[in-house]
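Read-outs throughout are calculated quantities, based only on the coordinates presented, and are distinct from any laboratory measurement. Keep in mind that what you see is a predicted model, and the values were worked out from it rather than measured. Methodologically, a virtual Cβ is constructed for each residue, glycine included, from the backbone with ideal geometry; neighbour enumeration extends over all protein chains shown.
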Amino acid sequence: MKSGTETFVGKDSPLYQDYDHLYQKIFQTQSIVVMVEGNDVKNADVMKSVDRLEHQVQATDGVIETTSPASLIKMVNYQMTGKSELPDTDEEVKAIIDGNPDIFGQIISDNTHMVISVVMAGSASDKAQEDILTATEEAVKLADFPPSYNVIVTGDPAFSISMNKEMNSSMGMLLGLSAVFMVIVLLLVFRHVRWCLLPLPVVLLGIVYTFGAMGYLGIPMSMVSMSAFPILIGVGIDYAIQFHNRLEEELQEKGNKTTAVIETVKHTGPAVLIALAMTALGFFSLFTSTVPMIQDFGKLLMIGILMCYFASIFVGVITISLFDEYSDKNPLRKVASKIRPANSEKKKKSEGGDESDRLIGRILRRITNLTIKYDVVVLGIACLLCFGGLYLDQSVPIETDVQTFVPQDMPSLVDLRHMGDIMGGSDELNLIIKVEDTTNPDVLKWIDQFSEHEVASNGHIYSASSIVDLVKEYNGGVIPDTSQEIKNIYSEIPDSQKDRYMYGKNMLLLNFNIGNAVADIKVTGIKELSNIVKQDMQWMPAPPGTSVTITGNSVVFIEVITALTSGRIAMTFLGLILVLGGLLIVYRDWVKALVPIIPMLIVIGWSGGVMSSLNISYTPLTATLGALILGVGSEYAILMMERYFEEKDKGASPLEAIQMTSSKIGSAIVASGATTVFGFMALLASPFPMISDFGTVTVIDVLLALLATFVVFPPLIVTLDTWRDKRKGVRTAEKQTETKKQIQGAEI
């Protein structure tokens, strides 16, 4: 499981490298925060409990230090009396706290709230963070706080750990729910074949293969990639259904198992493989994203569809052929008789399948006739809606605040926000200052003046902290004028305090507290704030030989918004180019290359309108919709096109070919689309808003892809194919006239 900054920003990015190498590994610390709230936190009993908590936690491996009101009281008391101990009376405790507002102001916000920080390295592993969190929670229990006080363990590490656990538990729920939906839809729309539930275990086997491949290749699970499994069930089951449907059709027509298997693999195998290849090309564009979790999403989808194909062609086809041997022995003889009826019944069945199958076929045939008759109107409306959607897509907002992606009632999130409301936010801009000498008084004076200016002039910068604060504290509130004096002061400052702001002799850190900036002014606001700080540095320049790099967790997310705004458009168009190129290579025919692409391009435009109308923001997941629609939807158009040209090669006219295509494989495509929709519907139940929003849009988009397949595709392919035939002189003028008459006289 991964949920940190590295899932959003690539490690080869200069911005990430500044953050990782200069800040995270050298300066950054993470804090588990214990917040105590009650009627009066400035009393001796509470401070003794805090002291017990602190002693317990300090013995935990990985804890760098702890900061609490109790330890600060002992420090002040030592300076006053020479004794490092807690006073026995409430009055003495209150006098020390109230008499030193500069020291206690940040950790005791009022009479009813205070915090204890358990500090660990910023590079601490997930396991180390979880161990420290567990130790802190145990220490709270053993600290024996007075009964009327509420103690909350929170902070960013606690939130991340809780989020990972929630992702793990919700993934199992999504998979289970997706399987239940599949059972329902297969029973409803795929009941015209025997063993209609068989595609489900076949595709679940493909999912098992995918899990194994992820472990072997080291692909992590994130908020985005965990949503891939319901998608794979929805997409992968298409392959199993297509093989299953064609094999049953061949068994029904040929009556010979060997011939039926050969015909199925001969015709459906390549068609589905081409569809898979085009789907993979659509997904391949995900690798162009600079957001690592989207790249992992692409890897997972590519591996998953391949595994589902292998499961369908090797396990699915063989299982049905084996089951066919025992169909006469099957107690459900009525079901078996549908496949091996008497000759008179067989002829009747070969003309249309069972009642439900014929009904879907008739409906799709009528829709096909209607759309071809009004082809100009249908294609015109579809294109207008596409252009309108592309225009509205530009106004869809972008969301990168991780807190909005997770369940809003998650206890760790509620606690984190509660602490932020009471104590203020903890977002920061971190300035790495490279100097020739950290004892240079000019550098420290510039840091002091620049910090004061930024806090005073910028409403979103609430405070600043640096080595200057410690130097002034140890030198009566002023910065010394000589390097030697500063060096002497450095020797007096404890390493645990000094190392937060200074590294070696050439690097210093300046932190600007920007509150809850990620939630309040969003990433675009943080970008503007960073630019303001850069501009201020130009007219208030640092001393010669000094360079400043602005970094930090908040700044890193600026790259995310750039990736999501420009990256998603580039992803979509690259996917279109790749699929178009792939189809040209496979078919060497411009009509066959364009016809599957155009309906999906139209659906991508429609999708922008859907997101705008539903007020759904772009996230790292919904940013993949263009590539996903292209990958999933092109399969339907390719399967329709393959069957269209197969019927046409048998001598059918364009109208006859598209009518037979719609009636023969239309029900299988409807079943495939329905299973895909139901697979995505499982995402709607996710407790993660980012995933449920993605599920909502994707369900609508798959339905739109089906609509485009049966409404836009038929007039498009008939129009282009007929136009090409006229140019080549393949069809005679008489046959064209006959086709026109058939169109005019078709039953609507």
Going Cα to Cα from LYS373, which aspartates and glutamates come in below 16 Å? Please leave out same-chain ones fewer than 8 positions away.
GLU656, ASP721, GLU738, GLU747
Debye, to nearest 20: dipole size of the range 423-557, +1 on Lys, Arg Cβ, -1 on Asp, Glu Cβ
320 debye
Coordinate range along principal axes, alpha carbons of the range 423-557, Å, largest first:
44, 33, 25
Taking neighbour counts of Cβ atoms within 10 Å as a proxy for exposure, in what order, fewest first, do LYS472, LYS534 appear?
LYS534, LYS472
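Count the net charge of all other residues whose Cβ sits under 13 Å from the Cβ of PRO101, scoring Lys and Arg as +1 and Asp and Glu as -1.
Details: positive: LYS42, LYS94; negative: ASP98, ASP102, ASP110.
Spelling it out: positives minus negatives among the neighbours equals -1.
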Going by C-beta contacts inside 10 Å, put SER530, SER169 in order with the fewest on the left.
SER169, SER530
Can you give me the P(r) profile for the range 248-293? Cα pairs, bins 5 angstrom wide beginning at 0, each as a whole percent.
6, 19, 16, 12, 11, 9, 9, 7, 6, 4, 1
Run the reach check for LYS487 against aspartates and glutamates, Cα to Cα strictly under 16 Å, same-chain hits fewer than 8 apart removed. What comes back?
GLU436, ASP437, ASP442, ASP469, GLU473, ASP495, ASP499
Distance from the range 466-536 to the range 225-290 (C-alpha centre basis), Å:
60 Å
Got a sec? Charge dipole of the chain, +1 on Cβ for Lys and Arg, -1 for Asp and Glu; which of SER321, LEU187, PHE145 is way out at the positive end?
SER321
Using only the alpha carbons of the chain, determine the length spanned along each of the three principal axes and report them from longest to shortest in whole angstroms.
109, 60, 39
Using mean Cβ contacts within 10 Å as the protection proxy, how do 41-54, 615-628, 538-551, 59-72 order, highest first?
615-628, 41-54, 59-72, 538-551
Helix 355-373: angle to the longest alpha-carbon principal axis of the chain, degrees 0 to 90, nearest 10?
90 degrees
State which entries of LYS42/LYS74; LYS48/LYS472; LYS592/LYS648; LYS434/LYS498; LYS127/LYS165; LYS94/LYS498 exceed 20 angstrom in Cα-Cα distance in the structure shown.
LYS48/LYS472; LYS94/LYS498
Between 0 and 90°, nearest 10: helix 156-189 axis offset from the chain longest Cα axis
10 degrees
Please compute the modelled spin-label separation between ASP536 and LYS505, points set 7 Å along Cα→Cβ, answer in nm with one decimal.
3.2 nm
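If you place +1 on the Cβ of every Lys and Arg and -1 on the Cβ of every Asp and Glu, how big does the dipole about the Cα centre of the chain come out, in debye to the nearest 20?
Approximately 5540 debye in magnitude.
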Out of SER466, VAL443, ILE433, whose Cα points farthest toward the positive end of the dipole of the range 423-557 (charges: +1 Lys, Arg; -1 Asp, Glu; placed on Cβ)?
ILE433
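As a footprinting exposure proxy, order MET537, MET173 by other Cβ within 10 Å, with the fewest listed first.
With the fewest neighbours first, MET537, MET173 line up as MET173, MET537.
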Counting other C-beta atoms within 10 Å, and keeping those with at most 11, which DSSP coil trypsin sites (Lys or Arg not before Pro) do you find in the range 69-163?
LYS83
I'd like the Karplus ³J(HN,Hα) series for the range 107-124: coefficients 6.51, -1.76, 1.60, θ = phi - 60°, whole numbers in Hz, and an x wherever there's a Gly or Pro.
10, 10, 6, 7, 5, 10, 9, 8, 10, 10, 9, 9, 9, 10, 5, x, 8, 4
Extreme residue, positive dipole direction of the chain, given options GLN252, VAL118, ASN516 (C-beta unit charges):
GLN252
Using only the Cα atoms of the range 27-154, what do you get for the radius of gyration and for Dmax, in Å?
14.4, 43
Using a 7 Å offset from the Cα along the Cα-to-Cβ direction at both ASN488 and ASP401, what is the distance between the two label points in nm, to one decimal?
5.0 nm
